[in-house]
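The values are calculated or read from the model by the stated rules, or taken from the named source; none is laboratory data. These numbers come from a predicted model, not from an experiment. Here the Cβ positions follow ideal geometry from the backbone for every residue, glycine too, while neighbour counts run over all protein chains shown. These accessible areas exclude ligands, DNA and RNA; they are computed on the full protein's heavy atoms, side chains included. Shrake-Rupley method; radii C 1.70, N 1.55, O 1.52, S 1.80 Å.
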Amino acid sequence: MSTAQSTRPTAAPAPEAPKRRRRRRMIDGIPTPGPVESIIKGIVLLICCAAVVVPFIGVVSTSIATPEQVTDAGGFVLLPKGLDFDSYRLIFAGGVVTRALGVSIFVTVVGTAISLALTASLGWALSRRGTFGNRPLLLIVLISLLFGPGIIPGYLVVQQLGLLDTLWALIIPTCVSAFNVVVVRSFFVQLPQEILDSAKVDGAGELQLFLRIGLPLSKAVFAVVGLFYAVGYWNSFFNALLYLNDNSKWPLQMVLRTYVVQGTQLGSQDIGIDGASLPPQISLQMAILVVSVLPVLIVYPFLQRHFAKGMLTGAVKG
């Protein structure tokens with residue numbers, strides 16, 4: 001019995017099962033990053049956010065810090081110990097900054113309204129295939145995307161129209177953007193043709209189609225295009241530099257360029273309060289900078305949700 005047991009072959013050990021590689025979780029067919037990748041991306045994103053947020057916090061802090069703290073810090077305060085709003089009170093006292101703010105508001109509101117009206121009308125006309133002059137006009141719009149008019153021809157046109165030294169010189173030369181026209185046209189082209197045909201059967205004319213169907217269905221794209229126009233008018237200073245000789249008609253960005261970028265001293269006569277003791281120049285400059293940036297920061301979050309629907313749909317699929 002023992003001999004038989006000794007001659008019986010021993011069973012070979014079972015092979016080890018291959019180790020399974022841990023599969024990454026998929027979201028919409030894309031593998032999620034691993035822990036190391038997530039940490040690296042988080043660090044990079046944190047650095048980028050700090051590079052944007054920290055200087056802006058410093059600008060706001062310097063504008064509201066006390067004069068003593070600004071002087072002790074050498075002109076830049078990151079965390080103010082006390083609050084002093086004299087810089088804002090003085091720049092809104094009726095001087096050059098207040099006047100320039102009114103000019104910028106007028107140019108932005110009126111210019112954006114005119115630009116949206118012209119862009120919507122031209123985009124709708126170009127989207128109606130088969131209409132008279134559609135192809136040549138579309139070709140002219142596309143050519144203007146590649147070739148600009150130049151500074152001297154533009155100045156001569158403004159001069160011949162009698163717009164020099166007027167606020168209309170800040171609006172008329174840039175009231176239509178070819179890029180925005182192409183985006184709006186692409187959006188109009190994608191409107192369901194069945195809706196337009198049914199409206200025509202009910203007796204709707206071209207103007208009714210535009211006002212009652214085209215515009216209501218295009219709120220997203222006009223929110224985005226309107227923001228582009230408004231930011232362009234608000235931040236524009238080059239047209240004022242070319243066409244305006246009267247500094248009482250300067251927009252806010254021209255004042256920002258003169259007193260912040262070029263470092264021109266802002267005196268009491270510029271503010272409108274003669275003989276007043278002024279805060280440090282850096283505080284006044286940072287207050288002007290905050291006033292110039294704040295409207296865009298307030299408006300943008302309300303329109304940001306329209307970007308994907310309005311901008312990408314009109315520009316990519318057209």
### Message
Sorted from largest to smallest, which semi-axis lengths in Å does the alpha carbon gyration tensor of segment 116-270 give for its equivalent ellipsoid, taking the root of 5 times each eigenvalue?
### Response
39, 18, 13
### Message
So with the 1.4 Å probe, I'd like the accessible area per residue for segment 140-205, rounded to whole Å².
### Response
59
#### Entry: Calculated from backbone phi, Karplus (6.51, -1.76, 1.60) coupling profile of segment 233-247 in Hz, x at Gly/Pro
5, 5, 8, 6, 10, 5, 5, 5, 5, 7, 9, 10, 9, 8, 6
### Query
Of the heavy-atom accessible surface of segment 53-144 (probe 1.4 angstrom), what whole percent is carbon and sulfur?
73
### Task
Extending each Cα 7 Å along its Cβ direction at Leu137 and Ser121, get the distance between those two points in nm, one decimal.
1.0
### Summary
Expressed in square angstrom to the nearest 10, the accessible area of Trp168 with a 1.4 Å probe stands at 110
### Query
If you wrap segment 112-185's Cα atoms in a convex hull and average its projection over all directions, what's the area in nm²?
5.4
